[in-house]
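Working notes, beginning with the structure itself.
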Amino acid sequence: MTSPSRTRLLALWASAAVVLSACGGGSDGIPAPVQSPPPPASGTPPGGVDGGGGGGSDKVVPTATLTAPAALADDLTGTLQVTADATDNIGVASVEFQVDGITVGSPDTAAPYAVTVNTADHAAGQHVVRARSRDAAGNVSAWSAATVRFGGTTAVAKGFTKTDGWVSGLTSATAMAQLPDGRLLVAQQTGQLRLVKNGQLVPGPLASFTVDPAGERGLIGVAVHPKFSENGWVYVHYTAVDNGAHGRISRVTMIGDAAAGEEVLVDLPALQAATNHNGGAIHFGPGDKLYVAVGDNADRTQAGDLDKVFGKILRFNDDGSYPADNPYLNRPGQAKAVWARGLRNPFTFGIQPGTGTLYINDVGENTWEEINIGAKGAHYGWPATEGPTDDTSYTSPVFAYKQTATVPPGSGPGGFFTGQSIVGAAFYPAGGPFPAAYHGGYFFADYVSRFVGRLDPANGHAAYSFARLSQNPVDVLAGNDGALYVLGRASITRITAP
Ligand SMILES: [Ca+2]
Ligand SMILES: [Ca+2]
């Protein structure tokens with residue numbers, strides 16, 4: 001059975017894409033963790049919580065209240081006056097303002113507290129405006145925040161450069177990965193692995209696989225082994241045709257600009273007749289473990305079934321065997337690979353540097369697009385629930401946005417974001433050239449609504465509009481040059497900071 005929504009990606013890939021207006025951002029606008037003054041200690045001056053102040057006896061934290069813009073203010077354009085009230089037992093020293101976690105202007109040292117923001121300097125869509133105050137002793141208030149939507153047509157924030165068609169000439173691209181030396185590997189649904197070298201698409205494939213490219217099948221995932229510089233291994237996920245259509249994980253060895261010597265590591269069970277919901281993404285996590293996203297193959301009953309590999313995140317050793325710490329090794333056959341379940345069509349996911357935590361993008365049915373935090377043994381609810389849930393049997397998404405606008409606009413968990421097929425996914429690395437507030441941020445995108453969003457783990461997983469696209473994205477990658485690469489079906493967009 002295949003509902004219209006279930007064939008969404010298929011239909012869109014097969015026809016001109018639906019263009020919805022891009023929207024931005026997450027809902028919560030949860031302020032940064034409140035920094036409390038240190039507990040009193042005899043003989044120790046209380047000092048400031050942010051390294052400021054010191055020496056005084058004032059332990060009373062000031063307050064700050066954002067007074068404009070109003071929460072859920074919609075379609076803000078032109079110059080925006082951001083204002084706040086602040087109080088303190090002794091005196092407010094200054095008020096600091098942010099947009100999306102980035103300081104705007106200088107701290108205002110005198111009431112009325114205000115800063116101006118040119119909305120055109122930010123990508124159209126959702127943003128979170130914040131204010132906090134500081135007293136002379138260095139005590140700092142909690143953030144007061146408003147989630148709003150900037151109108152207009154700005155594609156990417158001032159200071160960033162978006163280059164559409166940075167590479168073109170691709171055919172039915174689905175996924176990409178990067179080699180340590182910066183070369184990009186692009187998977188084409190029709191079975192060819194392409195190479196981008198020094199910003200140029202190398203003619204011809206570096207490797208080809210015999211695939212079934214029907215619907216959402218085909219070459220749908222590519223990953224580079226963490227020890228590539230030693231072994232040259234590149235891993236692929238594709239729909240093999242021998243002995244019936246089924247998912248396969250293989251690796252090839254790169255030599256120069258070519259790859260050869262396919263080793264088939266995993267042949268998953270046969271697919272049903274439906275050609276959609278195959279997931280696709282593969283990535284290496286800690287300990288050189290390979291994670292593989294597999295959709296429910298349009299049979300929702302499989303997603304929660306621990307004896308089935310569909311609707312799951314699977315986890316393998318780099319030779320295709322089952323890691324000794326997988327959670328369901330008591331299950332039959334290939335179910336030993338199951339690591340997490342209850343997913344519908346996890347087309348993409350990302351792995352957080354440092355923690356190794358998976359952020360899994362699950363394409364929803366008719367209501368929600370989800371970002372789920374990976375955890376061994378987790379059940380993400382499909383098909384029993386979709387979107388946020390209070391049912392403790394399931395792991396609720398850390399962020400989810402609706403497929404249609406809420407009433408009033410911006411209300412609800414997803415804020416002003418709307419979309420119909422979540423893709424991504426990339427964490428921006430520490431030390432990259434983007435402003436510090438971007439470091440550790442999680443970029444996601446929507447195939448239908450043509451936006452890139454930034455989820456902010458340091459600020460309660462608030463979500464902000466990052467870029468509007470002129471193509472339908474399928475994958476996002478933070479390059480080792482610090483640029484953000486957005487893969488479309490036929491081309492790559494490159495976004496850089498100064
Ligand atoms: Ca005070
Ligand atoms: Ca879910």
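Throughout, read-outs are computed from the coordinates displayed, never taken from laboratory work. As the structure is a computational prediction, the values presented were derived from the model and not from experiment. Cβ atoms come from the backbone with ideal geometry, glycine included; neighbour counts cover every protein chain shown.
At-a-glance table
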quantity: Exceeding the 24 Å Cα-Cα cut-off - candidates 162/312; 376/402; 227/308; 312/402; 289/376; 336/402; calculated: 162/312; 376/402; 227/308; 336/402
quantity: Selected from 401, 94, 294, residue furthest toward positive end of dipole (the chain; charges at beta carbon); calculated: 294
quantity: Between segment 162-203 and segment 453-489, the Cα center-to-center distance that results, in Å; calculated: 17 Å
quantity: Segment 125-184: Cα Rg divided by the 2.2 N^0.38 Å rule of thumb; calculated: 1.97
quantity: The chain, relative contact order [Cα under 8 Å, separation at least 6], %; calculated: 16 percent
quantity: Leading residue at positive end of dipole, the chain (Cβ point charges), from 78, 156, 236; calculated: 236
quantity: The chain - charge dipole about Cα centre, Lys and Arg +1 at Cβ, Asp and Glu -1, debye rounded to 20; calculated: 560 debye
quantity: Pairwise centroid distance, computed over Cα atoms, of segment 209-224 with segment 345-402, Å; calculated: 23 Å
quantity: Where labels lie 7 Å past Cα in the beta-carbon direction, separation of residue 109 and residue 208 in nm; calculated: 7.0 nm
quantity: Sum of side-chain charges, residue 119 neighbourhood, beta-carbon under 13 Å (Lys, Arg +1; Asp, Glu -1); calculated: -2
quantity: Local electrostatic count, residue 441, Cβ distance below 13 Å [Lys/Arg +1, Asp/Glu -1]; calculated: -1
quantity: Largest-first ellipsoid semi-axes for segment 99-198, taking √(5λ) over the Cα gyration tensor eigenvalues, angstrom; calculated: 43, 17, 12
quantity: Per-pair calculated FRET efficiency, R0 = 45 Å: residue 325 and residue 87 via Cβ, rounded to 0.05; calculated: 0.30
quantity: Percentage of interatomic Cα-Cα distances in the chain larger than 44 Å; calculated: 18 percent
quantity: Between segment 270-299 and segment 69-146, the Cα center-to-center distance that results, in Å; calculated: 43 Å
quantity: Pairwise Cα inverse-distance average, inverted: Kirkwood Rh of segment 63-142 (Å); calculated: 12.9 Å
